Amino acid sequence: MDKLRWGLLSTARINRAVISPIRASKRSELVAVASRSQANAEAYANEWDIPRAFGSYEALLADPDINAVYIGLPNHLHAEWSIKCAAAGKHVLCEKPLALSTADVDRMIAAAKQYRVVIAEAFMYKHHPQTLKVLELLKQRVIGDLLVIKGAFTFSLARSGDVRSLPEMGGGSIWDVGCYPISYTRLVAGEEPIEALGWQVLGLTGVDEVFVGQLRFADGLLAQFECGFRSPYRAWMEIVGTAGTMWLSKPFKPETDNWIVIKHGDRVESIEAPSQDLYQGEIEDMENAALGGKPQRVPLEDSRANVALIKALLESAQTGKLVSLK
(Lines give C-alpha, C1' and ligand atoms only; values in the text may rest on other atoms or scores of the structure.)
Protein backbone atom coordinates (compact mmCIF):
# COMPACT_ATOMS: atom_id res chain seq x y z
CA MET A 1 0.00 0.00 0.00
CA ASP A 2 1.18 3.50 -0.78
CA LYS A 3 -1.95 5.31 0.39
CA LEU A 4 -4.78 4.91 2.90
CA ARG A 5 -8.13 4.96 1.13
CA TRP A 6 -10.59 5.92 3.84
CA GLY A 7 -14.23 5.08 4.38
CA LEU A 8 -16.38 6.80 7.01
CA LEU A 9 -18.53 4.38 8.99
CA SER A 10 -21.64 6.51 9.70
CA THR A 11 -22.56 10.10 8.99
CA ALA A 12 -21.85 11.26 12.54
CA ARG A 13 -21.08 14.91 13.19
CA ILE A 14 -17.58 14.02 14.41
CA ASN A 15 -16.68 12.99 10.83
CA ARG A 16 -16.19 16.68 10.04
CA ALA A 17 -13.07 16.69 12.22
CA VAL A 18 -11.18 14.15 10.09
CA ILE A 19 -12.37 15.00 6.58
CA SER A 20 -10.03 17.97 6.15
CA PRO A 21 -6.85 16.32 7.50
CA ILE A 22 -7.50 13.18 5.42
CA ARG A 23 -7.81 15.31 2.30
CA ALA A 24 -4.80 17.43 3.24
CA SER A 25 -2.50 14.40 3.41
CA LYS A 26 -0.67 13.08 0.36
CA ARG A 27 -0.83 9.56 1.78
CA SER A 28 -4.59 9.48 2.42
CA GLU A 29 -7.71 9.72 0.29
CA LEU A 30 -11.36 9.92 1.35
CA VAL A 31 -13.29 7.61 -0.96
CA ALA A 32 -16.51 6.49 0.74
CA VAL A 33 -19.14 6.95 3.44
CA ALA A 34 -21.68 4.46 4.78
CA SER A 35 -24.98 5.02 6.51
CA ARG A 36 -27.85 2.77 7.55
CA SER A 37 -29.80 3.92 4.49
CA GLN A 38 -28.73 4.57 0.92
CA ALA A 39 -30.55 7.91 0.85
CA ASN A 40 -28.71 9.21 3.91
CA ALA A 41 -25.38 8.01 2.58
CA GLU A 42 -25.92 9.67 -0.80
CA ALA A 43 -27.05 12.94 0.74
CA TYR A 44 -23.98 13.02 2.96
CA ALA A 45 -21.68 12.08 0.08
CA ASN A 46 -23.12 14.91 -2.03
CA GLU A 47 -22.74 17.40 0.81
CA TRP A 48 -19.10 16.52 1.43
CA ASP A 49 -18.12 15.56 -2.14
CA ILE A 50 -17.31 11.94 -1.29
CA PRO A 51 -17.13 9.63 -4.34
CA ARG A 52 -18.95 6.56 -3.01
CA ALA A 53 -22.00 6.10 -0.81
CA PHE A 54 -23.07 2.82 0.80
CA GLY A 55 -26.47 2.09 2.30
CA SER A 56 -25.05 -0.25 4.94
CA TYR A 57 -21.87 -0.57 6.95
CA GLU A 58 -21.39 -4.11 5.64
CA ALA A 59 -21.36 -2.85 2.05
CA LEU A 60 -18.53 -0.47 2.80
CA LEU A 61 -16.50 -3.24 4.43
CA ALA A 62 -17.02 -5.41 1.34
CA ASP A 63 -15.34 -2.83 -0.92
CA PRO A 64 -11.77 -4.11 -1.56
CA ASP A 65 -10.58 -0.65 -2.58
CA ILE A 66 -11.09 0.72 0.95
CA ASN A 67 -8.25 -0.13 3.32
CA ALA A 68 -8.90 2.22 6.27
CA VAL A 69 -12.05 3.07 8.20
CA TYR A 70 -12.87 5.89 10.59
CA ILE A 71 -15.45 4.90 13.22
CA GLY A 72 -17.48 7.69 14.81
CA LEU A 73 -20.32 5.47 16.01
CA PRO A 74 -21.79 5.58 19.54
CA ASN A 75 -19.54 4.14 22.24
CA HIS A 76 -21.27 0.76 22.57
CA LEU A 77 -20.60 -0.03 18.90
CA HIS A 78 -16.87 0.72 18.84
CA ALA A 79 -15.60 -2.76 19.65
CA GLU A 80 -18.09 -4.61 17.42
CA TRP A 81 -17.39 -2.62 14.28
CA SER A 82 -13.65 -2.26 14.86
CA ILE A 83 -13.41 -6.05 14.93
CA LYS A 84 -15.61 -6.38 11.83
CA CYS A 85 -13.42 -3.86 10.01
CA ALA A 86 -10.29 -5.75 11.03
CA ALA A 87 -11.79 -9.04 9.80
CA ALA A 88 -12.43 -7.31 6.46
CA GLY A 89 -8.76 -6.33 6.26
CA LYS A 90 -9.31 -2.65 7.05
CA HIS A 91 -7.17 -0.49 9.32
CA VAL A 92 -9.24 1.28 11.95
CA LEU A 93 -9.19 4.70 13.55
CA CYS A 94 -11.89 4.52 16.23
CA GLU A 95 -13.20 7.39 18.30
CA LYS A 96 -12.62 7.41 22.03
CA PRO A 97 -13.37 5.63 24.24
CA LEU A 98 -12.00 2.67 22.33
CA ALA A 99 -14.37 0.31 24.15
CA LEU A 100 -16.45 0.05 27.30
CA SER A 101 -14.61 -2.89 28.87
CA THR A 102 -11.12 -4.32 28.96
CA ALA A 103 -12.53 -7.60 27.63
CA ASP A 104 -13.64 -5.79 24.48
CA VAL A 105 -10.25 -4.10 24.14
CA ASP A 106 -8.61 -7.51 24.44
CA ARG A 107 -10.81 -8.75 21.59
CA MET A 108 -9.75 -5.76 19.50
CA ILE A 109 -6.08 -6.38 20.25
CA ALA A 110 -6.51 -10.02 19.21
CA ALA A 111 -8.29 -9.00 16.01
CA ALA A 112 -5.56 -6.51 15.07
CA LYS A 113 -2.95 -9.23 15.45
CA GLN A 114 -4.97 -11.93 13.72
CA TYR A 115 -5.83 -9.85 10.66
CA ARG A 116 -2.57 -7.87 10.63
CA VAL A 117 -4.16 -4.43 10.68
CA VAL A 118 -3.73 -1.31 12.76
CA ILE A 119 -6.47 -0.37 15.23
CA ALA A 120 -5.99 2.97 16.97
CA GLU A 121 -7.97 5.08 19.40
CA ALA A 122 -8.57 8.63 18.15
CA PHE A 123 -7.12 10.59 21.07
CA MET A 124 -6.17 13.50 18.85
CA TYR A 125 -4.52 15.70 21.50
CA LYS A 126 -1.78 13.13 22.09
CA HIS A 127 -0.42 13.81 18.59
CA HIS A 128 -0.56 17.60 18.78
CA PRO A 129 2.69 19.64 19.03
CA GLN A 130 1.47 21.33 22.20
CA THR A 131 1.23 18.00 24.03
CA LEU A 132 4.63 16.92 22.73
CA LYS A 133 6.07 20.24 23.94
CA VAL A 134 4.56 19.70 27.40
CA LEU A 135 6.20 16.28 27.65
CA GLU A 136 9.51 17.77 26.50
CA LEU A 137 9.38 20.51 29.15
CA LEU A 138 8.50 18.04 31.89
CA LYS A 139 11.39 15.82 30.83
CA GLN A 140 13.63 18.88 31.22
CA ARG A 141 12.27 19.20 34.79
CA VAL A 142 11.21 22.81 34.32
CA ILE A 143 8.83 22.45 37.30
CA GLY A 144 10.87 19.88 39.23
CA ASP A 145 9.44 16.63 40.55
CA LEU A 146 5.73 16.13 39.98
CA LEU A 147 3.48 16.39 43.02
CA VAL A 148 -0.12 16.89 41.86
CA ILE A 149 -1.96 16.78 38.52
CA LYS A 150 -5.39 18.39 38.20
CA GLY A 151 -7.77 18.68 35.29
CA ALA A 152 -11.33 19.29 34.19
CA PHE A 153 -13.50 18.88 31.11
CA THR A 154 -17.15 19.90 31.37
CA PHE A 155 -19.92 21.31 29.22
CA SER A 156 -23.67 21.76 29.44
CA LEU A 157 -25.57 18.98 27.66
CA ALA A 158 -29.09 20.26 27.12
CA ARG A 159 -30.36 18.03 24.29
CA SER A 160 -32.79 15.35 25.43
CA GLY A 161 -32.23 11.93 23.91
CA ASP A 162 -28.56 12.61 23.16
CA VAL A 163 -26.62 9.32 22.96
CA ARG A 164 -24.31 10.62 25.69
CA SER A 165 -27.25 10.46 28.09
CA LEU A 166 -28.20 6.87 27.24
CA PRO A 167 -26.61 4.16 29.42
CA GLU A 168 -27.29 1.44 26.84
CA MET A 169 -25.12 3.34 24.36
CA GLY A 170 -22.20 3.85 26.71
CA GLY A 171 -23.28 7.30 27.84
CA GLY A 172 -22.01 9.26 30.80
CA SER A 173 -19.64 12.16 31.27
CA ILE A 174 -16.64 10.07 32.35
CA TRP A 175 -16.71 8.12 29.08
CA ASP A 176 -17.36 11.19 26.95
CA VAL A 177 -15.14 13.93 28.40
CA GLY A 178 -13.65 12.50 31.60
CA CYS A 179 -11.53 10.15 29.53
CA TYR A 180 -9.49 13.21 28.45
CA PRO A 181 -8.13 14.44 31.82
CA ILE A 182 -7.74 10.80 32.88
CA SER A 183 -5.61 9.96 29.85
CA TYR A 184 -3.71 13.26 30.09
CA THR A 185 -2.87 12.51 33.72
CA ARG A 186 -1.60 9.05 32.83
CA LEU A 187 0.44 10.47 29.95
CA VAL A 188 2.10 13.10 32.14
CA ALA A 189 2.68 10.72 35.04
CA GLY A 190 4.29 8.14 32.78
CA GLU A 191 2.92 5.33 34.92
CA GLU A 192 -0.37 3.83 36.07
CA PRO A 193 -2.04 4.78 39.38
CA ILE A 194 -2.29 2.27 42.20
CA GLU A 195 -5.54 3.56 43.75
CA ALA A 196 -8.69 5.20 42.41
CA LEU A 197 -11.55 6.94 44.19
CA GLY A 198 -14.63 8.35 42.46
CA TRP A 199 -17.85 10.20 43.20
CA GLN A 200 -20.70 10.76 40.77
CA VAL A 201 -24.03 12.54 40.44
CA LEU A 202 -26.47 10.62 38.28
CA GLY A 203 -29.00 12.14 35.90
CA LEU A 204 -32.54 11.02 35.18
CA THR A 205 -31.39 8.40 32.65
CA GLY A 206 -28.92 6.83 35.09
CA VAL A 207 -25.63 8.05 33.61
CA ASP A 208 -23.14 10.17 35.51
CA GLU A 209 -23.71 13.86 34.79
CA VAL A 210 -21.05 14.99 37.26
CA PHE A 211 -17.98 12.94 38.14
CA VAL A 212 -15.02 13.77 40.38
CA GLY A 213 -12.11 11.39 40.78
CA GLN A 214 -8.84 11.08 42.67
CA LEU A 215 -5.81 8.93 41.86
CA ARG A 216 -2.71 7.92 43.78
CA PHE A 217 0.52 6.74 42.20
CA ALA A 218 3.22 4.54 43.71
CA ASP A 219 5.80 7.34 43.94
CA GLY A 220 3.44 9.63 45.89
CA LEU A 221 2.09 11.59 42.93
CA LEU A 222 -1.59 12.52 43.40
CA ALA A 223 -4.20 13.52 40.82
CA GLN A 224 -7.70 14.98 40.75
CA PHE A 225 -10.11 15.48 37.87
CA GLU A 226 -13.65 16.65 37.24
CA CYS A 227 -15.97 16.05 34.30
CA GLY A 228 -19.62 16.61 33.65
CA PHE A 229 -22.62 17.61 31.58
CA ARG A 230 -24.16 20.17 33.95
CA SER A 231 -21.64 23.00 34.21
CA PRO A 232 -20.46 25.42 31.48
CA TYR A 233 -17.63 24.57 29.12
CA ARG A 234 -14.34 24.24 31.00
CA ALA A 235 -11.21 22.45 29.82
CA TRP A 236 -7.87 22.80 31.59
CA MET A 237 -4.94 20.94 33.11
CA GLU A 238 -2.62 22.04 35.91
CA ILE A 239 0.61 20.21 36.67
CA VAL A 240 2.20 21.03 40.02
CA GLY A 241 5.85 20.34 40.72
CA THR A 242 8.36 21.02 43.47
CA ALA A 243 9.82 23.97 41.56
CA GLY A 244 6.80 25.43 39.80
CA THR A 245 3.48 24.85 38.07
CA MET A 246 2.35 24.38 34.48
CA TRP A 247 -1.08 25.52 33.27
CA LEU A 248 -2.83 24.58 30.03
CA SER A 249 -6.04 26.33 29.02
CA LYS A 250 -6.50 24.22 25.87
CA PRO A 251 -5.04 20.81 26.72
CA PHE A 252 -7.52 18.59 24.87
CA LYS A 253 -8.38 20.70 21.81
CA PRO A 254 -5.33 22.84 21.02
CA GLU A 255 -5.39 24.37 17.57
CA THR A 256 -4.24 27.97 17.27
CA ASP A 257 -2.88 30.44 19.82
CA ASN A 258 -1.54 27.70 22.09
CA TRP A 259 0.28 28.80 25.24
CA ILE A 260 1.88 26.78 28.00
CA VAL A 261 2.03 28.91 31.15
CA ILE A 262 4.79 28.11 33.64
CA LYS A 263 4.96 29.78 37.06
CA HIS A 264 7.96 29.87 39.35
CA GLY A 265 6.75 31.87 42.35
CA ASP A 266 5.85 35.34 41.10
CA ARG A 267 7.61 34.81 37.78
CA VAL A 268 5.32 33.80 34.92
CA GLU A 269 6.57 32.49 31.59
CA SER A 270 4.31 31.85 28.61
CA ILE A 271 5.66 29.45 26.01
CA GLU A 272 3.97 29.40 22.63
CA ALA A 273 3.41 25.93 21.24
CA PRO A 274 3.26 25.24 17.49
CA SER A 275 -0.17 25.26 15.87
CA GLN A 276 -1.52 22.39 13.81
CA ASP A 277 -4.88 21.05 12.67
CA LEU A 278 -6.16 19.25 15.74
CA TYR A 279 -6.72 15.95 13.94
CA GLN A 280 -3.78 16.01 11.52
CA GLY A 281 -1.44 14.18 13.87
CA GLU A 282 -3.67 11.17 14.37
CA ILE A 283 -4.13 10.76 10.60
CA GLU A 284 -0.36 10.95 10.08
CA ASP A 285 0.20 8.46 12.88
CA MET A 286 -2.20 6.01 11.22
CA GLU A 287 -0.35 6.44 7.94
CA ASN A 288 3.01 5.84 9.62
CA ALA A 289 1.74 2.70 11.35
CA ALA A 290 -0.34 1.22 8.52
CA LEU A 291 1.87 2.19 5.59
CA GLY A 292 5.29 2.33 7.22
CA GLY A 293 5.02 -0.20 10.02
CA LYS A 294 6.06 2.33 12.66
CA PRO A 295 4.95 1.99 16.31
CA GLN A 296 1.68 3.74 17.14
CA ARG A 297 1.85 6.79 19.40
CA VAL A 298 -1.28 5.49 21.17
CA PRO A 299 -0.85 1.70 21.29
CA LEU A 300 -3.83 -0.47 22.15
CA GLU A 301 -2.26 -1.40 25.47
CA ASP A 302 -2.41 2.28 26.47
CA SER A 303 -6.06 2.45 25.44
CA ARG A 304 -6.74 -0.66 27.50
CA ALA A 305 -5.19 0.93 30.58
CA ASN A 306 -7.40 4.02 30.19
CA VAL A 307 -10.53 1.87 29.92
CA ALA A 308 -9.45 -0.15 32.98
CA LEU A 309 -8.99 3.03 35.01
CA ILE A 310 -12.38 4.44 34.00
CA LYS A 311 -14.02 1.16 35.01
CA ALA A 312 -12.22 1.29 38.38
CA LEU A 313 -13.40 4.86 38.99
CA LEU A 314 -16.98 3.90 38.14
CA GLU A 315 -16.74 0.92 40.49
CA SER A 316 -15.54 3.21 43.26
CA ALA A 317 -18.38 5.69 42.66
CA GLN A 318 -20.95 2.89 42.63
CA THR A 319 -19.66 1.09 45.76
CA GLY A 320 -18.39 4.07 47.73
CA LYS A 321 -15.06 2.31 48.24
CA LEU A 322 -11.46 2.94 47.26
CA VAL A 323 -10.39 0.64 44.42
CA SER A 324 -6.89 -0.83 44.44
CA LEU A 325 -5.23 -1.15 41.04
CA LYS A 326 -2.11 -3.02 42.15
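The values are calculated or read from the model by the stated rules, or taken from the named source; none is laboratory data. A quick note: this is a predicted structure, and the numbers were derived from the prediction, not measured. A quick note on method: Cβ atoms are made from the backbone with ideal geometry, for glycine too, and the neighbour counts reach across all protein chains shown.
Across the range 263-290, the qualifying residues are those that are β-branched (Val, Ile, Thr) and surrounded by fewer than 20 Cβ atoms within 10 Å (Cβ to Cβ), and the one among them that is farthest from Leu135 (Cα to Cα) is Val268.
Yes or no, residue by residue, for (1) in a strand (DSSP E or B); (2) assigned by TED's automatic domain parsing to the domain that holds Ser82; (3) of a type in the set (A, V, I, L, M):
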position: Ala17; (1), (2), (3): no, yes, yes
position: Lys26; (1), (2), (3): no, yes, no
position: Glu29; (1), (2), (3): yes, yes, no
position: Ala39; (1), (2), (3): no, yes, yes
position: Glu42; (1), (2), (3): no, yes, no
position: Glu47; (1), (2), (3): no, yes, no
position: Ile50; (1), (2), (3): no, yes, yes
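Just checking, does the range 240-251 include any residue being out of contact with any strand residue (DSSP E or B) (no Cβ under 8 Å at 6 or more places or on another chain), modelled with pLDDT of 95 or more, in a loop (DSSP other than H, G, I, E, B) and in the same structural domain as Val212 (by TED's automatic domain parsing)? No, the conditions are met nowhere in the range 240-251.
A quick yes/no check of all residues on (1) closer than 22 Å to Ala290 by Cβ; (2) in contact with a helix residue (DSSP H, G or I) (Cβ under 8 Å, 6 or more places away or on another chain):
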{"position": "Arg13", "(1), (2)": "no, no"}
{"position": "Ala17", "(1), (2)": "yes, yes"}
{"position": "Val31", "(1), (2)": "yes, no"}
{"position": "Ala34", "(1), (2)": "yes, yes"}
{"position": "Ala41", "(1), (2)": "no, no"}
{"position": "Gly55", "(1), (2)": "no, yes"}
{"position": "Pro64", "(1), (2)": "yes, no"}
{"position": "Ala68", "(1), (2)": "yes, yes"}
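The condition of being touching a residue at least 12 places away in the same chain (Cβ under 8 Å), polar (S, T, N, Q), touching a helix residue (DSSP H, G or I) at 6+ places or on another chain (Cβ under 9 Å) and closer than 19 Å to Val31 by Cα holds for Ser82. Within the range 252-275, being within 30 Å of Ser156 (Cα to Cα), part of a strand (DSSP E or B) and either of a type in the set (A, V, I, L, M, F, W, C) or not assigned by TED's automatic domain parsing to the domain that holds Gly203 (or both) holds for Trp259, Ile260, Val261, Ile262, Ala273. Within the range 47-74, the set of residues being more than 22 Å from the chain's Cα centre (by Cα) and among the hydrophobic types (A, V, I, L, M, F, W, C) comprises Trp48, Ile50, Ala53, Phe54, Ala59, Leu60, Leu61, Ala62, Ile66. Restricting the first member to the range 217-234 and to residues that are buried (at least 24 other Cβ atoms within 10 Å of the Cβ), and the second to residues that are modelled with pLDDT of 95 or more and hydroxyl-bearing (Ser, Thr, Tyr), the beta-carbon pairs closer than 7 Å and six or more apart or on different chains are Ala223/Thr185; Phe225/Thr185; Cys227/Thr154; Cys227/Ser173; Gly228/Thr154; Gly228/Ser173; Phe229/Ser156; Phe229/Ser173.
Candidates Ala12, Ala53, Ala79: the one that is small (Gly, Ala, Ser) and farther than 23 Å from Leu166 by Cα is Ala53. Residue count for the range 77-104 satisfying the condition of being closer than 10 Å to Ile119 by Cα and of a type in the set (Val, Ile, Thr): 2.
Can you say whether Thr154 is in contact with a strand residue (DSSP E or B) (Cβ under 9 Å, 6 or more places away or on another chain), farther than 23 Å from Ser316 by Cβ, hydroxyl-bearing (Ser, Thr, Tyr) and at pLDDT 95 or above, as far as the supplied structure shows? No, not satisfied. Among residues of the range 54-68 that are assigned to a helix (DSSP H, G or I), those with a Cβ under 6 angstrom from a residue that is at pLDDT 95 or above, sequence gap 6+ or separate chain, pair up as Tyr57/Leu9; Tyr57/Ala34; Leu60/Gly7; Leu60/Ala32; Leu60/Ala34; Leu60/Phe54; Leu61/Ala88.
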